[in-house]
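The next block holds one structure in the form of structure tokens; read it before the comments.
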Amino acid sequence: MWKLIKFIVSIIILVLILSYFFHIPLSFSRLNGAIESVRALVPEQIVSFFNLGGSSAKNNAGKSGSSPSPSPLGIIPSLQDITQKIFAPTPLRVESGESGALSRSGVISLTNSERKKVGVTALKENALLDIDAEKKMQDLFAKQYFEHISPTGVGPGDLAKSVGYDYILIGENLALGNFKDDQTLLAAWMASQGHRENILQSKYTEIGVSVGKALYQGQETWIAVQEFGLPATSCPEPQASLKSRIDAEKIQIASIEKSLTAKRAEIDATTDDSSYNKEVVEYNALVTDYDALVKATQADILDYNDVVNASNTCRQKASI
């Protein structure tokens, strides 16, 4: 068997040498035909040495072949629009009572105490939500209104965005009146179903609070604001750097495809066999680079899509 293989290989090498030194036109289609006839006998690594066009994945660059078809890269889905939900029960107004002192830290501590009683995770104070609550409290006094939506149409969601808090869920509790202390304020909110639901909502993870005493409709009174939130960062986000890399890879792939088309045209126009062989080698090297880049891009897209799908699923569950 090996004697036969060595004989065939020797003949092919001799043909190549004669063609080079005596400028004999060499038909690659015939040579490939001869190679195919012994493919079953010769190990694959030997066959591939003489197959200038490479494997079928490289789309042989013989004159009767065809240009490589771009591999499908897949579709990168966009992040779904976030269904941002806002929970804002009717503001709580207390008309009478003993006026004492309220504090941000006390309100947050007592809020978490109530959550602990029912087995709900404690809320973390968030600086942006504190600013949000402070702006709301100041706006209530400045414009002399007591609603979740300001006279200029600014609601809890708008206010959260204005301070840079990107959220999935937001909740707002408002209270106005004379309160003896933080405990009295929390008791009043807990006695109101909507405010109680906000305080005990398990999906919230963060809180911001502001309390202040000033003139409201001619009387000095307290206003307390609680801002609850589930930040958008609670769900995974695809890396912007990965998206940029995919975009760059796609541009590079398109560029290589143009080069392949141009190189193929050069091969088809070549009449000299020595130049033809050189063009084929360059073409196949370019196809190898193309295939490797396509595979790398496909892997990156799969990674990106996995995170996008996880993010969308997370957001859907959180907003229910």
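The values are calculated or read from the model by the stated rules, or taken from the named source; none is laboratory data. This is a predicted model, so every value here is computed, not measured. We place every Cβ from the backbone using ideal geometry, glycine too, and count neighbours over all the protein chains shown. Please note that ligands, DNA and RNA were not included when accessible areas were found on the heavy atoms of the full protein model with its side chains. Shrake-Rupley method; radii C 1.70, N 1.55, O 1.52, S 1.80 Å.
Would segment 248-260 turn up any residue that is over 30 Å from residue 171 (Cα atoms) and modelled with pLDDT under 90?
Taking every residue of segment 248-260 in turn, none turns out to be over 30 Å from residue 171 (Cα atoms) and modelled with pLDDT under 90.
Can you confirm whether residue 240 is farther than 23 Å from residue 88 by Cβ, loosely packed, with under 14 Cβ neighbours inside 10 Å, at pLDDT 90 or above and not hydroxyl-bearing (Ser, Thr, Tyr)?
So residue 240 does not fit the description; no.
Has segment 285-298 got at least one residue that is among the hydrophobic types (A, V, I, L, M, F, W, C) and either within 30 Å of residue 133 (Cβ to Cβ) or more than 35 Å from the chain's Cα centre (by Cα) (or both)? Steps first, answer last, please.
Pass one, segment 285-298, residues among the hydrophobic types (A, V, I, L, M, F, W, C): 285-287, 292-294, 296.
Next, only the ones that are either within 30 Å of residue 133 (Cβ to Cβ) or more than 35 Å from the chain's Cα centre (by Cα) (or both) stay: none.
Within segment 285-298, none of the residues are among the hydrophobic types (A, V, I, L, M, F, W, C) and either within 30 Å of residue 133 (Cβ to Cβ) or more than 35 Å from the chain's Cα centre (by Cα) (or both).
Are any residues in segment 303-320 among the hydrophobic types (A, V, I, L, M, F, W, C) and open to solvent by 80 Å² or more (accessible area, probe 1.4 Å), and if so, which ones?
Scanning segment 303-320 gives a single hit, 320.
Here is a check on your reading of the model: is residue 284 open to solvent by less than 60 Å² (accessible area, probe 1.4 Å) and either over 30 Å from residue 145 (Cβ atoms) or without any contact (Cβ under 8 Å) to a residue 12 or more places away in the chain (or both)?
So residue 284 fits the description; yes.
Pairs under 7 Å by beta carbon, first residue closer than 16 Å to residue 84 by Cα and open to solvent by less than 70 Å² (accessible area, probe 1.4 Å) in segment 202-231, partner in a strand (DSSP E or B) and among the basic types (Lys, Arg), six or more apart or different chains?
Within 7 Å, the pairs are 205/124; 206/124.
Residues checked against (1) open to solvent by 10 Å² or more (accessible area, probe 1.4 Å); (2) not in a loop (DSSP other than H, G, I, E, B):
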| residue | (1), (2) |
| --- | --- |
| 111 | no, yes |
| 120 | yes, no |
| 134 | yes, yes |
| 139 | yes, yes |
| 145 | yes, no |
| 153 | yes, no |
| 160 | no, yes |
| 180 | yes, no |
